[in-house]
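Only one structure is covered here, and it is reproduced in the block below.
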Amino acid sequence: AQLVRELGAAVEAGQFTLVYQPIVRLDDQRMTGVEALIRWNHPTRGVVSPVDFIPLAERSGHIVAIGGWALREACRQAAHWRSAFPAAEDLTVNVNVAGPQLRTAGFVDEVAAALRDSGLPASCLSIEVTETAVLDDEESAEAMLRLRGLGIRLALDDFGTAASSLGLLLTVPVTTLKLDRSFVESITTVGRQAAVATAVSQMATALDFSSVAEGIETDEQRVLIQSLGYQYGQGYLFGRPLPPDEVGDRWAEMN
Ligand code: G
Ligand code: G
Ligand code: MN
Ligand code: NA
């Protein structure tokens with residue numbers, strides 16, 4: 001309860017920061033973009049993980065202010081990187097959006113304003129939503145269609161972990177599937193994770209979605225995931241989430 005009250009003031013107090021994890025194209029291992037991940041620098045508790053405060057923020061409604069800040073900040077950073085790094089015109093930034101935030105009236109306008117104010121092209125922004133966030137829901141379907149109308153990419157995050165139906169893929173206008181890292185964790189050529197990972201990548205290809213595998217930590221996983229048809233990868237093998245001032249050096253190293 002204390003934490004919930006503090007959440008309310010934390011945006012104004014400047015206690016949130018974003019770190020950025022590289023996303024790479026598997027065929028040449030070039031960095032194509034980043035996923036923005038929020039951190040709360042709490043004055044007494046130290047760094048609080050989003051796993052511990054995003055659910056509280058969703059229930060208390062603070063997610064609208066927090067998520068709005070993250071969106072504007074990520075767009076601002078990405079617009080700067082596009083012009084500051086060599087050959088970064090197509091750099092993309094992925095921003096996680098919670099269900100209640102997506103369903104808030106005015107969310108799409110907020111996204112449009114973040115793009116306009118930052119100068120970031122819509123094609124450089126990808127919004128990540130989870131299957132549970134968008135399940136059977138008129139408001140989110142409507143918001144997603146309007147986001148696509150702006151030219152923003154839409155990724156289904158943690159794909160494969162929610163108790164959702166595959167029919168969702170036919171009704172939500174996503175552009176990208178992000179295979180949850182639980183399938184990558186103990187993947188082997190003969191194992192059951194590889195069977196599921198293969199099915200997801202084939203579905204993505206057939207439906208004309210991009211595919212990203214999360215949680216790649218070893219070279220063996222990278223090689224296997226690529227052989228299964230994944231286009232993009234993310235994980236500690238390519239890089240941990242970085243503070244913004246380290247993204248440029250990483251970009252230069254990987255491109
Ligand atoms: O690095 P990691 O511990 O950051 O992230 C943990 C979880 O928090 C992930 O599921 C991620 O999607 C979520 N998360 C990270 N940043 C944000 C954010 O800005 N908004 C929302 N809604 N979720 C986030
Ligand atoms: O749920 P979402 O995919 O948005 O969040 C990504 C989460 O996965 C973050 O907590 C991030 O720090 C974490 N993560 C990213 N790469 C790896 C990895 O290679 N291994 C593990 N264990 N976690 C990872
Ligand atoms: Mn994500
Ligand atoms: Na994920």
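Normalising by the residue count of the chain, find the relative contact order in percent from Cα pairs under 8 Å and 6+ residues apart.
Relative contact order, the chain: 20 percent.
Let me check against my output: what whole-number percent is the relative contact order of region 1-138, with C-alpha pairs under 8 Å and at least 6 apart?
22 percent
So for region 1-123, considering every pair of alpha-carbon atoms, how many percent are separated by more than 25 Å?
So the pairs more than 25 Å apart make up 29 percent of the total in region 1-123.
Would you mind ranking 230, 236 so that the residue whose beta carbon has the fewest other beta carbons within 10 Å leads the list?
Going from sparsest to densest Cβ surroundings: 236, 230.
Would you kindly work out the equivalent ellipsoid of region 78-224 from its C-alpha gyration tensor and give its semi-axes, the square roots of five times the eigenvalues, largest first in whole Å? Don't jump to the answer; show the numbers that get you there.
Values: eigenvalues 153, 88, 27 Å².
The three semi-axes for region 78-224 are 28, 21, 12 Å.
Give me the one-decimal nm value for the distance between modelled label points at residue 42 and residue 195, 7 Å along each residue's Cα-to-Cβ direction.
Inter-label distance under the simple model: 4.3 nm.
Can you compute the label reach from residue 27? Point 7 Å from Cα along the Cβ direction, backbone N cut-off under 14 Å, restricted to region 224-255.
It comes to 226-233, nothing else.
Which of rounded, prolate or oblate describes the chain when judged by the alpha-carbon gyration tensor and an a/c cut-off of 1.5?
rounded
Only the coordinates and a few stated rules stand behind these numbers; no lab work does. Nothing here was measured: the structure is a model prediction, and the numbers come from that model. Don't worry about glycine lacking a Cβ; one is built from the backbone with ideal geometry, like all the others, and counts go over all protein chains shown.
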